[in-house]
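Okay, structure first, notes after.
The values are calculated or read from the model by the stated rules, or taken from the named source; none is laboratory data. What you see is a predicted model; the values in this text were computed from it and never measured. Backbone-built Cβ (ideal geometry, glycine too); neighbour counts: all protein chains shown. Note: accessible area is taken over every heavy atom of the protein model, side chains too, but ligands, DNA and RNA are not part of it. Shrake-Rupley method; radii C 1.70, N 1.55, O 1.52, S 1.80 Å.
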Amino acid sequence: MPIDCKAKCGNRASLKRPKTGDALCKDCFFAAFEAEIHHTITTSKLFRRGEKVAVAASGGKDSTVLAHVLKLLNERHNYGLDLVLLSIDEGITGYRDDSLETVKQNRDDYQMPLKILSYEELYGWTMDRIVAQIGRSNNCTFCGVFRRQALDRGAKLLGVDSIATGHNADDIAETVLMNILRGDTARLRRCTDIRTGGGEDSIPRVKPLKYSYEKEIVMYAHYKKLVYFSTECVFAPNAYRGHARAFLKDLEKVRPSVIMDIIYSGEQLRFKDTVKKPVRGNCERCGFVSSQQPCKACVLLEGLNRGLPKLGIGKKSKGDRMIAKQNQELALRERANLVKNDF
């Protein structure tokens, strides 16, 4: 039996919103979805008129919907923003090379300038080569760390005021669960923040899709007929996040509001003053924002260049021992070569 749209527009409902359970027609769903993102942007004061904003574009559903909605709301509500696309090429054959074609299509569809930066030009390594060195057990650590810094580097090159990322409600709830499971209070403290970074030496990042469900983003992209890339990264199946995602999906089947419940819980968390807080500064080597010296990206890169790919994995003391052992072996080898040359 046909069901009327709950918004009382006179049309028949064609979908059920995963977030609220409301039966809506497509037009009312579009209006509700866009209005919620507009409300998030305005109440959180994510942007100021005249700012240049880089949209982190991967070609996936989240970044494609983010670019589309930001362009639409910018024109509808006269935000006065200068929007550009910033994409990172990690160098993953059969995945990123294909998704970049989608990003270029987004560039043409939304008429936004596009800047593509690659790991190869920034670090001298591609993820294909890194995985060949490290294997598939810790490869996501390298990709995540390098990608975060690559976005900062790209934003600095473009001279933008902020970076808008496509993190949705599911992503943030998963991150809360991951940080709880790992006991990572430093990240747990800030993972639900809608705006991170900022200050004299860093470019802030904002999450306009913070309260948007992943299922609704997919529905919006589908009904709007947006072009996006849907293939999963070939190295992703071994990621730790996958376990948190599977757990969250099981919880969502029982209680659909669990995603928002976890986010709200994360927002309300408070820590004692005695809990040690990481001090954010700038890396002494590369100059980018870091809470350790040198930054994680520089440590990982040093390990790759030294032939010690696991240098940045685990505790710093373990890495120090690896460097000391390698230096000792090099010294012994050099001494042996000197003795050989004397004869």
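Coupling constants for the stretch 153-162 follow from the phi torsions by the Karplus curve (6.51 cos²θ - 1.76 cosθ + 1.60, θ = phi - 60°), and in residue order they are 5, x, 4, 5, 4, 7, x, 8, 8, 7 Hz; glycine and proline get x.
Among the GluC sites (Glu not before Pro) in the stretch 218-310, those placed in a DSSP loop whose Cβ has at most 16 other Cβ atoms within 10 Å are Glu232, Glu284.
Around the Cα centre of the chain, unit charges on the Cβ atoms of Lys, Arg, Asp and Glu (plus for the first two, minus for the last two) sum to a dipole of about 940 debye.
Quick check on the chain: helices-only [θ] at 222 nm, where DSSP H runs of length 4 and up contribute -39,500 (n - 2.57) each and the sum goes over total residues. Nearest 500, please.
Working: 13 runs with 175 residues, N = 343.
Calculated from helices alone, the mean residue ellipticity at 222 nm is -16500 deg cm²/dmol.
The listed residues Met178, Met1, once ranked by accessible area (1.4 Å probe) with the largest placed first, stand as Met1, Met178.
The phi torsions of the stretch 86-91, fed into the Karplus equation with coefficients 6.51, -1.76 and 1.60 and a -60° offset, translate into couplings of 10, 10, 10, 9, 6, x Hz, rounded to whole numbers, with Gly and Pro shown as x. When the Gaussian network model of the chain links Cα atoms closer than 10 Å, the mean-square fluctuations of Thr42, Thr64, Thr175 top out at Thr42.
Quick one: net charge around Met260, please, counting Lys, Arg +1 and Asp, Glu -1 for every other residue with C-beta under 11 Å from its C-beta. Please list the in-between numbers first.
Values: positive: Lys19, Lys210, Arg255; negative: Asp170, Glu252, Asp261, Glu267.
Here the charged neighbours net out to -1.
The alpha carbon centroids of the stretch 222-247 and the stretch 129-184 are separated by 14 Å.
Could you state the accessible area per residue of the chain in Å², with a 1.4 Å probe and every protein chain left in place?
Details: 18300 Å² over 343 residues.
The answer is 53 Å² per residue.
Pairs of alpha carbons in the chain separated by more than 29 Å make up 46% of all such pairs.
When only Cα pairs under 8 Å and 6 or more residues apart are kept, what is the percent relative contact order across the chain?
Details: 473 pairs, mean separation 56.3, N = 343.
In percent, rounded to a whole number, it is 16.
In this structure the amide hydrogen of Leu83, modeled in the peptide plane, comes within under 5 Å of the amide hydrogens of Val53, none closer than 5 places in sequence on its chain.
Rounded to the nearest Hz, the phi-derived 3J(HN,Hα) couplings of the stretch 38-43 under the Karplus curve 6.51 cos²θ - 1.76 cosθ + 1.60 (θ = phi - 60°) are 4, 5, 4, 5, 6, 6, where x marks glycine and proline.
Roughly what % antiparallel, to the nearest 5, for the DSSP beta bridges in the chain?
Details: 7 of 22 bridges.
Bridges in the chain that DSSP calls antiparallel: roughly 30 percent.
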